[in-house]
């Protein structure tokens with residue numbers, strides 16, 4: 001059993017060691033886990049998400065039951081729309097904190113889009129929503 005510090009294990013994830021997998025929340029994205037879920041016992045999750053070239057988002061409204069969700073774009077661009085707001089173009093270096101339960105949708109993205117998403121907890125429910 002690994003040593004724990006305040007319920008967390010030490011972990012490092014390198015890009016050349018990681019694999020992107022299609023098994024994730026959205027079929028038009030691929031996900032590379034960063035080891036945070038295992039190191040925190042599921043209290044937090046972090047992964048790199050990249051677009052599957054040629055696949056588009058259905059732009060479905062949804063919300064999540066979680067305590068924290070942050071997105072940081074590392075490559076390309078993505079357009080999100082939020083309830084009581086307009087569409088927002090996030091590009092390389094853009095960051096958004098999505099409050100718990102906010103209705104939102106991913107409208108479109110570049111084929112080369114990559115982003116980092118950090119959540120708490122790692123596993124959470126997603127709910128389909130009507131347009132606000």
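Got a sec? Which of 65, 74, 40 is touching a strand residue (DSSP E or B) at 6+ places or on another chain (Cβ under 9 Å), surrounded by fewer than 17 Cβ atoms within 10 Å (Cβ to Cβ), more than 23 Å from residue 127 (Cβ to Cβ) and in contact (Cβ under 8 Å) with a residue 40 or more places away in the chain? So that I can check it myself, show each step before the final result.
Working: 65 fails: more than 23 Å from residue 127 (Cβ to Cβ); 40 fails: surrounded by fewer than 17 Cβ atoms within 10 Å (Cβ to Cβ).
Only one candidate passes the filter, namely 74.
Return a yes/no flag: does region 16-25 have any residue that is closer than 19 Å to residue 125 by Cα, under 13 Å from the mean Cα position of the chain (by Cα) and buried (at least 17 other Cβ atoms within 10 Å of the Cβ).
no
Considering only region 118-126, I want to know if a residue exists there that is in a strand (DSSP E or B) and exposed (fewer than 15 other Cβ atoms within 10 Å of the Cβ).
First, pick out the residues of region 118-126 that are in a strand (DSSP E or B): 118-120, 125-126.
If we keep only those that are exposed (fewer than 15 other Cβ atoms within 10 Å of the Cβ) too, we end up with 125-126.
Yes.
In region 43-60, what residues are crowded, with 16+ Cβ neighbours inside 10 Å and under 15 Å from residue 104 (Cβ atoms)?
Result: 49, 57.
Given the condition at pLDDT 95 or above and assigned to a strand (DSSP E or B), answer yes or no: does some residue in region 15-25 qualify? Give the steps one after another, and end with the answer.
Going residue by residue through region 15-25, those that are at pLDDT 95 or above are none.
Scanning region 15-25 turns up no residue that is at pLDDT 95 or above and assigned to a strand (DSSP E or B).
Could you tell me how many of the residues in region 40-72 are closer than 14 Å to residue 119 by Cα and outside any loop (DSSP other than H, G, I, E, B)? Talk me through it step by step, then tell me what you get.
Quick first cut of region 40-72, residues closer than 14 Å to residue 119 by Cα only: 40-49, 63-72.
Those still in the list that are outside any loop (DSSP other than H, G, I, E, B) too: 45-49, 63-65, 68-72.
Number satisfying all stated conditions: 13.
Among the candidates 93, 45, single out the residue that is at pLDDT 90 or above, touching a helix residue (DSSP H, G or I) at 6+ places or on another chain (Cβ under 6 Å) and closer than 29 Å to residue 132 by Cα. Before you say what the answer is, go through the steps one by one.
Details: 93 fails: touching a helix residue (DSSP H, G or I) at 6+ places or on another chain (Cβ under 6 Å).
45 is the lone residue from the list that is at pLDDT 90 or above, touching a helix residue (DSSP H, G or I) at 6+ places or on another chain (Cβ under 6 Å) and closer than 29 Å to residue 132 by Cα.
May I ask you to list pairs of residues, at least six apart or on different chains, whose Cβ atoms are under 9 Å apart, with the first in region 81-99 being at positive phi and in contact (Cβ under 8 Å) with a residue 12 or more places away in the chain and the second being assigned to a strand (DSSP E or B) and surrounded by 11 or more Cβ atoms within 10 Å (Cβ to Cβ)?
Going by the 9 Å Cβ cut-off, the qualifying pairs are 93/72; 93/73; 93/74.
The values are calculated or read from the model by the stated rules, or taken from the named source; none is laboratory data. All values reported here derive from a predicted model rather than from experimental measurement. No Cβ is skipped: glycine too gets one built from the backbone with ideal geometry, and neighbour counts run over all protein chains shown.
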